[in-house]
1. On a straight-distance basis, which lysines could pair with A:LYS415 in a cross-link, Cα separation under 23 angstrom, same-chain partners fewer than 8 positions away excluded?
2. Within the set of other residues whose C-beta is less than 13 Å from the C-beta of A:GLY573, count the net charge using Lys and Arg as +1 and Asp and Glu as -1.
3. What list of whole percents do you get for P(r) of segment A:813-958, with Cα-Cα distances grouped in 10 Å bins up to the one holding the largest distance?
4. Classify segment A:403-513 from the C-alpha gyration tensor, please: rounded if a/c falls under 1.5, else prolate or oblate depending on whether a/b exceeds b/c.
5. May I ask for the equivalent-ellipsoid semi-axes of chain A, computed as the square root of five times each C-alpha gyration tensor eigenvalue and listed largest first in whole Å?
6. Can you give the relative contact order of segment A:528-599 as a percent, counting alpha carbon pairs under 8 Å and 6+ residues apart?
7. Would you mind computing Rg(Cα) / (2.2 N^0.38 Å) for segment A:152-277, counting N as its residues?
8. List, in the order given, every pair from A:LYS208/A:LYS331; A:LYS500/A:LYS618; A:LYS751/A:LYS823; A:LYS470/A:LYS618 whose Cα-Cα distance in the structure shown is over 21 Å.
Amino acid sequence: MTRFTEIAHKWQQRWKENKVFEVEPNKKEKLFVTVPYPYISGSLHIGHARVVTEMDVYSRYHRMSGKNVLYPIAFHISGTPVLGISLAIKNGDEKTIQLFSGYVGAYIKDKKEIARIIKTFEDPQAIVDFFVPKMIAEFSTLGLGVDWRRSFTSGDVIHQRMVEWLFHKYKDKGYLVQGKHPVLFSKSLNNAVGEDDIKDGDTDPVEKQEFTLIKFAYEDGFIVAATLRPETMFGQTNMWINPKITYVKAKVDHEIWYFSKECADKLQFQDHNVDIIEEIAGTTFLGKTCFAPFVERDLLILPSTFCNPAIGTGIVTSVPADAPFDWIALKELQDNPELCTQYDIDHTQVKAIELIPIINSKGYGDFPAVEICKKRKITSLLQEKELKEATQEIYKVGYHTGVMRDTCGKYAGMKVEKAKQAMRQQLLEQGRATIFWETSRPALSRDGGEVIVAILDNQWFIDFNAKGWKAEAKQCLDHMSIVPEKYRKRFEDVFEWLDKRPCARRRGLGTTLPFDKEWVIESLSDSVIYMSLYPIAQLVKKFKISGEQMTVPFFNYVFNGYGVVEKLSKDVGIPVEQLHTLREHFDYWYPNDHRHTFTAHLSNHLSFMIFAHVAAMKKKYWPQKISFHGMILREGNKMSKSKGNTIPLLELDRLYGADVFRAFMCSATSVESTLDWQTEKVEHMKKHLLNLYTILETAIKHQKNETIASEHDWFISRWEQLKQQATAALEEMDLRTYAMTVLYDMFSLYKDVSREAKEQQFHAINGAIITEWIRLLCPLVPHIAEELYEQAGEEGFASLAPWPKSDRAKINTIAEFTHDMTKQVQDDVRKVIELAKIEHPHRITIVISHEWKYALFTMLKELLEDTRDMKSIISSIMDTDMKQYSKEIMKIIPAVVKDPSKLPHFVLDQETEYKVVKHLGAKLGEDYNTHVLVEKAEVSTQPKARNAAPAKPAIVVE
RNA sequence: GCGGGAGUGCCGGAGUGGCCAAACGGGACGGGUUUAGGCCCCGUUGACUUAGUGUCUACGCAGGUUCAAAUCCUGUCUCCCGCACCA
């Protein structure tokens, strides 16, 4: 454990004991800040730490600036992940058990005890109960100024009641609708499933794919083929049926269909009635025909083994121009007359099949499938992998760049992207097709049952397009501050395309839908307005208010002030005073003044938050500000648990202590940029902080309350400017500039003055700035700051000390300039001596510029403010009595106009400069142990005297 | 494909029209301190030049606007992120 870790623990303990961050409403201006509540998922790592730490630095500044700051954190447990962990442990999943044994092992050493605790995790609530206190402890190691009394989880009664209240609001306003919706579904569990219920669902995710089932008239009914590409239907040449499998004839709704048995089974889950009539061998169909839409003619049914009964209908319509599988299958048949004979098919008919060009894709001719097969040397259906890749490639290019050809009837000239939708729509409207959902790969649930797609016909949706809602949300957004501002447009776009969103599921932790208990509110929809609980959560606990008491009217009153409090009190059995207190607290803290989050939340959580607030809250409680932070990498790589490259907060605490982390994180990159965690750089920061700490400790011991001589005005001036810079940066949440200012700029400025100030004066400077500096450091490295603050003999906590105000009156740019000039001359003298290779100069002469040049430079500076026109500048100057120096002036002006940086920041007068340099001369004389002569150009005999310019005296070393 | 962002030195990264050979941090090199190492301190680190205050070249590439561009405009290349119902 490092020294910094010890200091951190000491102060974290004291803050806790003294309830430093437990806040109540008072007379001060309030600031209520939030971050998204973290999901319970085992131990915390630095990925979690960024957002909470940034918000902490920012809010600590505001606390010191005199605001009453509320910074709370709660925990999210809704949805399926915690459930999934629980399930995995129940099923004896070794990976999960090991992972969680590791997390638990961070706190408990006894192996038996660990195993016992893991066993309890079969109940999801046990996971929550175990980790919430651990997560609070781990967050606390970061030194957060959080009021932990207000924490809760999304599974707590208060949260559930509040979510119910919100959904009642949605329902009352007509923002909830019911409809059909496809979900992944386990036949054995007879329930919807998520990623964590599916075998290998985390490593090889299963998606829902939307097939179009197209009906081809055949005998008494339809042969039904499945396709993902309805836009290729103008290119159909034949039908593929697998001779090796058995199909079924079935009554589907009111029609007779011929298709695979597997599909028939699945279709029953997708809102269709299916009665199987008989089984039919695949070979039965061969050589016959069926009638195809779009091409509007009979297609020959041919054999192919690539048709998989488990995918789609096991029947595929053939588009050899655009589908590599179809092309190779057709070619194999055309090239093998024997194969045709074997299936009793007329080879001449097969041979006669001609490809129909349908899509014009970038980089391809008439028949992309043929081209790509040739290019990739695909000649056989056995090259399955290559064929799949080729199919992907053709699809991708076709979808993005393709245009329908003249062969495609009224769709000719249409982009593939559009034609796909339009053609499918036409088929559906004509009753010649239906939608069928299929999983993107064969999948099993963890208990071994088959996973399919089922359509639920009573799915609940939030309808963001409900009348008036978007307009209000937009109004809220318009009044919000978005940092960085560039994300506002993204919000606007998201608002545009937000439509109906499924908001409840059949499984998972969370809140049941109050008016339809079969459903659990989905985890993104239940976490949109929970910040409303922070002002009251600890009161609800204190007043022992039960779930039954937190009714809809209860929240209506507490949040919005609606209703008659006496009646409410009687109805729910809560004393009027308590209701008043709840209402007052809410009204004091709300709205949420600032929410700091990751950009990934923009299109869902943050947008929903705005919609939820405008739906449920009075305008004055709408959110005020959202800021964004960037992602976090480790040594250039993404951090993830599966890669095993995360850094647990406990380890961070042990190796560095919170302050090193905070300082590194804030200074490494700007808030909105990607942060790369590089151990080497963190080590550098640790060294720097140690160095800074030592310097401040020493400075504390050598303070004097004495007047600082005017020769150090430059330092004081710069100090004030840096204070201002730090403050301005914090106001903008520019944590990087702030961190750099207090860690480095002030540090090097302090070093500079320490080198040139005499001891007494240096101690006086210490007296003037040290406690200020400590306080300025406090938001960034609060533990170190507290420790030093105490050493400096200050009362109370640095965390609660007033923020140092900068004094504009002390800013003296002339003093700074003079100081810089002195340093420059000093530097030049050193360089000249080096270049001249004179080891022991016996005389140094410094020549101050001619007086008239000061007038010239002053005038030039003024003129250059208005114009860059050489002629007018020259004529203005020549109008004065400087004309006598025209020869020299004509050399100076072009150079200066071309590059105005050649002019000094300030132009002093000759006498002042002479005095300053004379003073320096004395010092130089001591340094080099030689005679130094400072003279004005007018009296100098040195030829170099002519080169002297204001702020740039000529130097001669002999 | 659409939408958004980025391309600056050995590296990370400042800089949004002139005060920029480029903050700050790191690395490398030279020197000081030290028994030695570390820490710390000083200097150098685009090229050329010089007894400093000098000249030239550079901000993905190619053009343009302007007295003046890394910064504005046009084209182009490369990389990253999002394109949803998933937390």
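1. A:LYS362, A:LYS396
2. That sum, taken over residues with Cβ under 13 Å, equals 0.
3. Calculated over all Cα pairs of segment A:813-958, the distribution is 11, 39, 31, 15, 3 percent.
4. It is oblate, given that a/c is not under 1.5 and a/b is not larger than b/c.
5. Those come to 71, 42, 27 Å.
6. On the way: 45 pairs, mean separation 26.3, N = 72.
Computed value for segment A:528-599: 37 percent relative contact order.
7. 1.53
8. Details: A:LYS208/A:LYS331 32 Å; A:LYS500/A:LYS618 24 Å; A:LYS751/A:LYS823 14 Å; A:LYS470/A:LYS618 16 Å.
The pairs that break the limit, which is 21 Å between Cα atoms, are A:LYS208/A:LYS331; A:LYS500/A:LYS618.
The values are calculated or read from the model by the stated rules, or taken from the named source; none is laboratory data. No experiment lies behind these values; they were computed from the predicted model shown. Virtual Cβ from ideal backbone geometry, glycine too; neighbours counted across all protein chains shown. With ligands, DNA and RNA removed, areas are computed over all heavy atoms of the protein, side chains included. Shrake-Rupley method; radii C 1.70, N 1.55, O 1.52, S 1.80 Å.
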